[in-house]
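The values are calculated or read from the model by the stated rules, or taken from the named source; none is laboratory data. All of these numbers come straight from a predicted model, not from anything done at the bench. A quick note on method: Cβ atoms are made from the backbone with ideal geometry, for glycine too, and the neighbour counts reach across all protein chains shown.
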Amino acid sequence: MKATAVLIEEHQVIERVLYALEKASNRLQRGEDVYLRFFIGTSVFIRDFADNCHYKKEEKVLIPALIEHGVPKDSDPLAALLAEHEEGQRLTQRLRHVTERLQAKDTRARELVIQCCEEYIALLRKHMSKEEKILFPIADQLIPAEEQEQIIEVFNRFQPVERGEEFHEKYYGFANRLVQECVR
């Protein structure tokens, strides 16, 4: 198995949450009731799974391996993708903040939640597409098979066992609950 296959599988889970976020944002935009804790839950999922697990695998393991194999850190695609990670984290914090304002009955925050969701969804979809079409093929080509296996072993260190549940099972289940919440 290639290390990039692990990351692509995680992209699929993140995409499910983006789908749910898009549905909830569209409902909010149409003036329908949306359980606002959904947006808080989504920001928690993004922070804990995408930022603190997925991005760390890319930033602390895959990208250093690519640099070691001759891909300059300050050139595209690495520099652009790292900047997008930072922008995604900023938007996640903003989503939580504006959702809290909306929960506190700040009606102006409704449009800010919608805008933040739209920006985040667009950014992440573009970002994951670039990784899958540009970065991951480069990694697959440059990183030898035995090193790929070592990378996967290091990836596993970013997936602690929490309260008896496997990390992925916990967050895949979390993603499923977010999807169910917004599609009903």
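Annotations
- Test result for residue 39, surrounded by 13 or more Cβ atoms within 10 Å (Cβ to Cβ) and touching a Phe, Trp or Tyr at 6+ places or on another chain (Cβ under 6 Å): no
- Qualifying residue in the stretch 99-110 (condition: touching a His at 6+ places or on another chain (Cβ under 6 Å), crowded, with 19+ Cβ neighbours inside 10 Å and not charged (D, E, K, R)): no
- Residue 148 satisfies every condition listed in (1) buried (at least 16 other Cβ atoms within 10 Å of the Cβ); (2) over 24 Å from residue 57 (Cα atoms) except (2).
- In the set 79, 3, 65, only one residue is among the hydrophobic types (A, V, I, L, M, F, W, C) and exposed (fewer than 15 other Cβ atoms within 10 Å of the Cβ); that residue is 79.
- Qualifying residue in the stretch 28-43 (condition: under 20 Å from residue 103 (Cα atoms) and of a type in the set (Lys, Arg)): yes
- Whenever a residue of the stretch 101-112 is farther than 12 Å from residue 29 by Cα and in contact (Cβ under 8 Å) with a residue 12 or more places away in the chain, its partners that are small (Gly, Ala, Ser) and in a helix (DSSP H, G or I), lying with C-beta atoms within less than 7 angstrom and at least six residues away or across chains, give the pairs 102/109.
- For residue 33: the one exception among (1) part of a helix (DSSP H, G or I); (2) within 20 Å of residue 177 (Cα to Cα): (1)
- Residue match in the stretch 42-49 (condition: modelled with pLDDT under 95, more than 15 Å from the chain's Cα centre (by Cα), part of a helix (DSSP H, G or I) and within 19 Å of residue 121 (Cα to Cα)): no
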